[in-house]
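Inspection log for the structure reproduced underneath, given as structure tokens.
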Amino acid sequence: MSIPEVKSAPAATANLPPARLWIGGEWTAAAGGRTFATENPATEETICEVASAGKEDVDRAVAAARGALDGDWGRKISARERGRLLWKIADLLEARIDEFALLETLDNGKPIFESRYVDVPAAIDALRYFAGWADKVTGETLPVSGPFVLAYTLREPIGVVAAITPWNFPLIQALWKIAPALACGNTVIHKPASYTPLTALKFGELASEAGLPPGVLNVLPGRGSEVGNALVDHPGIAKITFTGSTEVGKDIMRGAADTIKRVTLELGGKSPNIVFADADLDAAIKGAYTGIFYGKGEVCAAGSRLFVEETIHGELVERLVERTKKLAPGDPLDPRTRLGALVSGKQRETVLSYVEAGRQEGARVAWGGEAAAVGGKGYFMQPTILDAVHNDMKVAREEIFGPVLAVIPFKDVKDAVAQANANIYGLAAGVWTRDIGKAHQVAREVQAGTVWINQYNWYDSGAPFGGYKQSGFGRELGRQALEYYTESKTVFVGK
Ligand code: NDP
């Protein structure tokens with residue numbers, strides 16, 4: 001893997017979107033004329049102004065998306081052509097990978113290494129994966145008995161889909177929704193997070209350059225409480241696909257009830273990463289470290305509760321701390337940086353307040369725990385390991401969404417699984433052991449949508465991802481995602 005050439009790049013050299021919304025295949029001012037500033041969390045400087053959409057803009061976007069469904073996109077463009085278009089969009093994104101990676105890093109604070117080699121490539125991969133499915137979404141013939149000669153199902157697009165996405169993996173989260181929605185023939189209104197709207201806006205424009213017809217993808221940045229609510233309430237929208245906090249997910253479910261919108265929710269997590277004494281400890285320590293510190297810990301599936309078999313607890317914590325000491329926050333534009341800036345000052349305050357809550361409840365700060373700065377600026381934070389944590393402490397119960405690990409000892413398999421499951425979330429889990437039987441037993445018994453055995457944080461466009469319990473419902477990626485972007489219609493043919 002080669003390291004990108006990016007050394008430092010001021011915002012002025014980035015290819016920024018105008019302070020406009022992307023509706024109906026063109027840049028258009030927000031009806032209310034409002035804008036908001038988006039900030040580089042590594043420098044605390046404004047990158048640019050972004051248009052702030054309101055209810056009227058939602059109405060315009062719905063009309064454009066509906067128009068596309070009733071027009072060429074819905075009636076003339078074949079499924080195979082949709083697939084070809086998605087593939088062309090992927091090619092164009094790949095040709096502009098450095099530009100998108102730079103924007104993502106400036107807006108989010110994540111290391112350029114991640115944006116360039118993980119985030120944008122994963123977004124491209126999702127486009128290509130679902131491009132392949134576009135002409136393979138089929139119904140089935142049904143073995144029914146009755147007064148007819150044939151019965152079959154059709155899988156049809158749901159209609160206008162609203163995709164509401166968070167700030168931690170802006171382009172990936174967007175494409176995990178937009179790619180399957182378009183592959184299945186829907187049209188999309190995307191509301192990106194206010195902290196990180198830039199790649200979404202540029203992607204809307206890029207998709208159009210690749211040939212996506214006007215109105216098929218519309219991008220509306222703006223306040224969640226305003227644009228988000230307007231999307232959830234709008235009778236012209238058939239489905240909400242949301243990734244974000246569990247609290248907002250609950251609001252969306254309640255709001256969607258009025259118009260019986262289809263909803264899929266990918267929400268928070270407090271995922272257990274379980275290390276048994278018989279594990280390959282070098283691998284387990286690396287997995288524990290990347291499980292929490294990759295992506296600054298602003299990762300819904302972060303392995304934020306590290307359960308360690310009590311016989312190796314002391315040794316493991318010591319070795320993990322030694323490794324973590326070498327991880328210093330750095331300039332996100334430096335290709336060697338592996339820990340960037342948290343997304344905002346507010347998010348860092350929240351994360352630091354959790355560390356304080358942990359201290360007060362008796363956790364021991366084994367490493368880190370403090371704010372940091374790079375070049376005197378930025379919302380950086382030391383990677384933090386809290387030891388002597390109990391599973392019922394606030395830092396073990398609640399999603400922190402930052403580089404803070406809670407280490408909790410356990411006795412045996414039964415105890416590990418019981419503690420892992422004693423949480424409202426169920427997004428992911430990890431298990432480290434050389435005993436294959438034990439690994440599969442834990443994989444079966446742990447309540448989580450994804451289980452990693454002897455690895456952590458691995459995703460693939462072909463593998464479904466989503467939650468149990470209050471981590472949400474529905475699945476992104478894989479063949480299963482297609483079910484959430486289509487309706488099933490049963491057709492009976494009479495004699
Ligand atoms: P939110 O859940 O508030 O934001 C996610 C998205 O929802 C954003 O686009 C946001 O818009 C939008 N939104 C906010 N309010 C509404 C609403 N009432 N109706 C519809 N859409 C809405 O996450 P936060 O940014 O506030 O982060 C808070 C916490 O949530 C984090 O600390 C973390 O614990 C968790 N989180 C989990 C994520 C995950 O991947 N599962 C991702 C992000 C956060 P806007 O940005 O304009 O507010």
GLY54 fails exactly one of the following numbered conditions: (1) more than 16 Å from ALA210 (Cα to Cα); (2) crowded, with 24+ Cβ neighbours inside 10 Å; (3) not β-branched (Val, Ile, Thr). What is the number of that condition?
(2)
Every residue from region 375-389 that is away from the ligand (no atom under 16 Å from the Cβ) and either touching a Pro at 6+ places or on another chain (Cβ under 6 Å) or free of Cβ contacts under 8 Å to residues at least 24 places away in the same chain (or both):
GLY376, PHE380, PRO383
Picking from ARG254, ARG262, which residue would you name as being within 15 Å of ILE189 (Cβ to Cβ), more than 8 Å from the ligand (Cβ to nearest atom) and either touching an Asp or Glu at 6+ places or on another chain (Cβ under 8 Å) or at pLDDT 95 or above (or both)?
ARG262
Would you point out which residue out of ALA122, ALA151 is touching a residue at least 24 places away in the same chain (Cβ under 8 Å), over 21 Å from GLY224 (Cβ atoms), within 16 Å of the ligand (Cβ to nearest atom) and out of contact with any Lys or Arg (no Cβ under 9 Å at 6 or more places or on another chain)?
ALA122
Are there any pairs with C-beta distances below 6 angstrom linking a residue in region 61-87 that is more than 13 Å from THR187 (Cα to Cα) to a residue that is surrounded by fewer than 15 Cβ atoms within 10 Å (Cβ to Cβ), with the two at least 6 apart or on different chains, and if so which?
LEU85/GLY211
If I filter region 283-304 down to residues being within 14 Å of the ligand (Cβ to nearest atom) and hydroxyl-bearing (Ser, Thr, Tyr), which single residue comes out as farthest from GLN419 (Cα to Cα)?
TYR294
Of the residues in region 301-345, how many are not hydroxyl-bearing (Ser, Thr, Tyr) and not in a loop (DSSP other than H, G, I, E, B)?
20
In region 158-188, what count of residues is obtained for those that are more than 12 Å from the ligand (Cβ to nearest atom), not in a helix (DSSP H, G or I) and not small (Gly, Ala, Ser)?
7
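The values are calculated or read from the model by the stated rules, or taken from the named source; none is laboratory data. Since the structure is predicted, the reported quantities are computational estimates derived from the model, not experimental observations. Methodologically, a virtual Cβ is constructed for each residue, glycine included, from the backbone with ideal geometry; neighbour enumeration extends over all protein chains shown.
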